[in-house]
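Only one structure is covered here, and it is reproduced in the block below.
The values are calculated or read from the model by the stated rules, or taken from the named source; none is laboratory data. As the structure is a computational prediction, the values presented were derived from the model and not from experiment. No Cβ is skipped: glycine too gets one built from the backbone with ideal geometry, and neighbour counts run over all protein chains shown.
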Amino acid sequence: MNAKKKSKDEPARLQAAKLVEVLYKSQYMDKKDFYLHSFFRGAVAGAGGILGATVLIAILLWILSLFDTVPLIGPLLENTRSTIEGR
């Protein structure tokens, strides 16, 4: 009973580390395959984050470019527009 209580109190990271260790010892998963899979998963997640942020910023700038006549935002947007257009 004490072991169950102890396992509930452990942080999730330690439980995951123990699970990976059991998988290695049982030879269910090869370390090389695990690291390769983790690398590609991280690379795809990073590329997705960059792509998502790029699209979000592009949409935000497009929406802000519609407000050219707003007194305080107009000059700032004109500078941004001229930078984007390369003038």
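Laid out as a table, the results:
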{"read-out": "Pair list, Cβ < 6 Å and 6+ apart or interchain, from segment 49-68 residues that are within 16 Å of residue 79 (Cα to Cα) to residues that are surrounded by 10 or more Cβ atoms within 10 Å (Cβ to Cβ) and of a type in the set (Val, Ile, Thr)", "value": "67/73"}
{"read-out": "Tally, over segment 32-79, of residues that are at pLDDT 80 or above, over 22 Å from the mean Cα position of the chain (by Cα) and not charged (D, E, K, R)", "value": "3"}
{"read-out": "Test: residue 17 is at pLDDT 75 or above and either of a type in the set (A, V, I, L, M, F, W, C) or surrounded by 10 or more Cβ atoms within 10 Å (Cβ to Cβ) (or both)", "value": "yes"}
